[in-house]
Amino acid sequence: MSIVSASNIYHSFGIEKLFQSLNFSIEHNSQIGLVGKNGSGKTTLFNILTQKMIPDKGKIHRSRIAKISYLTQEPELDDSLTLKQCVFKSRPDHIELSEQLREAELQLAKNDSQKNIDQYANIQQKFELAGGYHFNTEMKLVLTSLNFPQNIWDQKISKFSGGEKTRIQLATILLQPFDLLLLDEPTNHLDIEMIYWLERYLSSLDKPYLIISHDRHFLDNTVTKIAEIRNFTIDLYTGNYSQYRDQLTMRQALQEKTFRKQQKKIDRMEKQIDQYRIWGRARDSETMFARAKELEKRLDKIERTDLPKKEKNIKLNFIAEKRSGNDVYTFDNMSFGFPENTLASNINLRIFYQNKIAILGTNGCGKTTFLKLLNEKIKPQSGQVKKGASLDIGYYDQMHLELDDSITVMQTIWQLVPSAPQGYVYSYLAKYGFTGDEVEKQVYVLSGGEKARLYLAKLIHEKPNFLILDEPTNHLDINMISYLEDALQEFDGTIVFVSHDRYFIEKVAKLKWIFTDNTIKETSQKLDDLFFQKERKIKSENKKPKNSENRKINPIVLSKLTSKIDGLTEILKSKTEKLEFFELEFSKSEIYNDQSKVKSLTNDVKRTKDEISDLKDQLDKLENEYLELI
């Protein structure tokens, strides 16, 4: 039985249609990524599923006892509470039981009668069953992982920044009891280390979830299905984001092939109908007219296949008007920050012509401040900063503050080339998806995605040779991010950027500058290697040496454990190979002609993944037992 489902949903905003005959359900084992272009209705669907919004037509079926936790993009928190109070408020059952437990303790202290002892024991058992004793540990894990150390738990919500409030809301959502988790862009305002943690947290959940995200790497690591909103409805794909892209390509190729084949058949039937009528008139034959009519009926009954709509590719093209010198920036024993807070010191690095550098570090470490230093918005505290010759800087700030809200989209570009004809500006804006009446919109009414596209259009038109980009993928949909990646790869100038999109970083950056040990260091390592290297180091530092003195270990027990581990490892290897075979079958286009085979193969993949997950859990337990003994 589904936790929640949508049946024949129709919905629109004014004349803008979002959904038409949309059907969708979330089962108890669902781990789904929801994707689609900006404006396709992803957040609207969340609001419909949670019944915050009523669709124009259709029904929402939801289990009466199902608790749905929904992470919105805009935090909904009580500013008068402290961080700790806010998190505790997510568990009203704990608050109530804690108060009952305290009252029972007071009664027991006054009178240790059997009645009071039994009452205390009963409440304590309820508290334990509700996870009360475990909650504090879980809260500490979640808050510290989201960069909220214990010394700020008593700080008022009003004192936190917008990004921090989003992370607080994520913490409260994860810690409250739920049967279904809806997450709308959960990686926004998380640094890379937090995203890795969230991936592991979600992977360990035994509850279903639906995620809206433009982070392809995150979707690859957290979901087993992709639901795509396209052409006013939803299509489902088995697998993660990368597998969905492969399946989408195959589906579209198959649909196009089916369309062409069907069109030939229809053309042949239409010609045959015309011929029967010609013969009917020439021979005055009712038989020929009857055959034409019968064929027309057969033609009307054909379920037409549509030609898949080709996505309009946007070609972003960064072209520098002139070349910079070879030495773009040189830092000698440089430090920077604020009077009471030096963010990094002893920086000895150089940026050369055509370098493409990603700036990495935890939230608050100074990444955006460093970009401001490059853009000469602030000065270093000490040391030397040498700026290269012939630099034309293009600065993309994540808040889009350099856009003038008081003018239109058209005027934003026209003011860069006031002597250009109107047609040139129309044509230029069309490349970035602004057509028709959209060019006359005031900038202040644009959505986050539209502002990001306009900002890119403005930046590209200025033809800089040194790009400084602060979170350029925020508010862009996946297609637009992909176009931006291609453009930056082809750019023949220099790029320094901050981003938490790991796929984007790996595709664009050739070098990484990392805030670490109160300075900035350069590396060309991959993110996964950097992160897991750090994780292994933390585990090594936290690992306490065991006092093995006088401890006797039974070799038979160790031998049995080793045999079990080896046996399960072999089974896991076999299951993994079987899964690879099943997934390879999905890549064959002919399989999609046989729906029963597709269904059977889908069940095989699901069953094998469940078996692999179970085997990994068993291996983890056995390996932990082994490590405890040695």
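The values are calculated or read from the model by the stated rules, or taken from the named source; none is laboratory data. Please read all numbers here as calculations on a predicted model, not as lab measurements. Positions of Cβ are generated from backbone atoms using ideal geometry, with glycine treated the same way; all protein chains shown enter the neighbour counts.
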**Study point:** Residue that is nearest to Tyr432 (Cα to Cα) [pool: residues in the stretch 457-509 that are touching a Ser or Thr at 6+ places or on another chain (Cβ under 7 Å) and charged (D, E, K, R)]
**Key:** Lys458
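Sort out for me the strands (runs of 3 or more DSSP E) sitting completely within the stretch 1-73 that have 3 or more residues that are in contact (Cβ under 8 Å) with a residue 40 or more places away in the chain and more than 19 Å from Ile478 (Cα to Cα). Before you say what the answer is, go through the steps one by one.
Details: elements: 4-13, 16-26, 31-35, 57-62, 68-71.
Once the strands (runs of 3 or more DSSP E) in the stretch 1-73 are filtered for at least 3 residues that are in contact (Cβ under 8 Å) with a residue 40 or more places away in the chain and more than 19 Å from Ile478 (Cα to Cα), what remains is 4-13, 16-26, 57-62, 68-71.
So that you can scan it fast, the table gives a plain yes or no per residue for (1) of a type in the set (A, V, I, L, M, F, W, C); (2) in a helix (DSSP H, G or I):
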site: Glu164; (1), (2): no, yes
site: Asn188; (1), (2): no, no
site: Ile195; (1), (2): yes, yes
site: Leu202; (1), (2): yes, yes
site: Lys207; (1), (2): no, no
site: His217; (1), (2): no, yes
Review point. So Lys315 fits all but one of (1) of a type in the set (Lys, Arg); (2) more than 30 Å from Val498 (Cα to Cα); (3) surrounded by fewer than 16 Cβ atoms within 10 Å (Cβ to Cβ); what number is the exception?
Key: (2)
Revision key, fill the gap. Here the qualifying pairs (Cβ atoms under 6 Å; residues six or more apart or on different chains; first in the stretch 116-128 and closer than 13 Å to Arg102 by Cα; second hydrophobic (A, V, I, L, M, F, W, C)) come out as Asn116/Leu108; Gln119/Ala104; Tyr120/Ala104; Tyr120/Leu108; Ile123/Leu101; Ile123/Ala104; Phe127/Leu97; Phe127/Leu101
Point to revise | Among the candidates Leu316, Leu307, Leu248, residue that is in a helix (DSSP H, G or I) and touching a residue at least 12 places away in the same chain (Cβ under 8 Å) | key: Leu248
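With the requirement that a residue be over 14 Å from Ile468 (Cβ atoms) and in a loop (DSSP other than H, G, I, E, B), what does the stretch 386-398 give you? Working first, answer last.
Here is the first cut: in the stretch 386-398, the residues over 14 Å from Ile468 (Cβ atoms) are 386, 389-390.
Ala389, Ser390, listed by residue number.
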Check your understanding: Taking the stretch 329-350, which residues are exposed (fewer than 13 other Cβ atoms within 10 Å of the Cβ) and either within 14 Å of Lys379 (Cβ to Cβ) or not assigned by TED's automatic domain parsing to the domain that holds Ala389 (or both)?
Key -> Phe338, Pro339
Check your understanding: Taking the stretch 459-509 as the search range and keeping residues that are surrounded by fewer than 20 Cβ atoms within 10 Å (Cβ to Cβ) and among the basic types (Lys, Arg), which one is farthest from the chain's Cα centre (by Cα)?
Key -> Lys463
**Study point:** Residues satisfying the stated conditions in the stretch 319-340, i.e. more than 34 Å from the chain's Cα centre (by Cα), in contact (Cβ under 8 Å) with a residue 12 or more places away in the chain and part of a loop (DSSP other than H, G, I, E, B)
**Key:** Glu321, Lys322, Arg323, Ser324, Gly325, Asn326
Revision key, fill the gap. Exactly one of Ser98, Ser80, Ser63 is surrounded by fewer than 19 Cβ atoms within 10 Å (Cβ to Cβ) and closer than 22 Å to Leu181 by Cβ, and that one is Ser63
Check your understanding: Does Asp267 count as surrounded by 17 or more Cβ atoms within 10 Å (Cβ to Cβ) and either part of a loop (DSSP other than H, G, I, E, B) or on the phi < 0 side of the Ramachandran plot (or both)?
Key -> no
**Study point:** Test set (1) out of contact with any helix residue (DSSP H, G or I) (no Cβ under 6 Å at 6 or more places or on another chain); (2) at pLDDT below 95; (3) outside any loop (DSSP other than H, G, I, E, B) - Gly364 fails condition number
**Key:** (3)
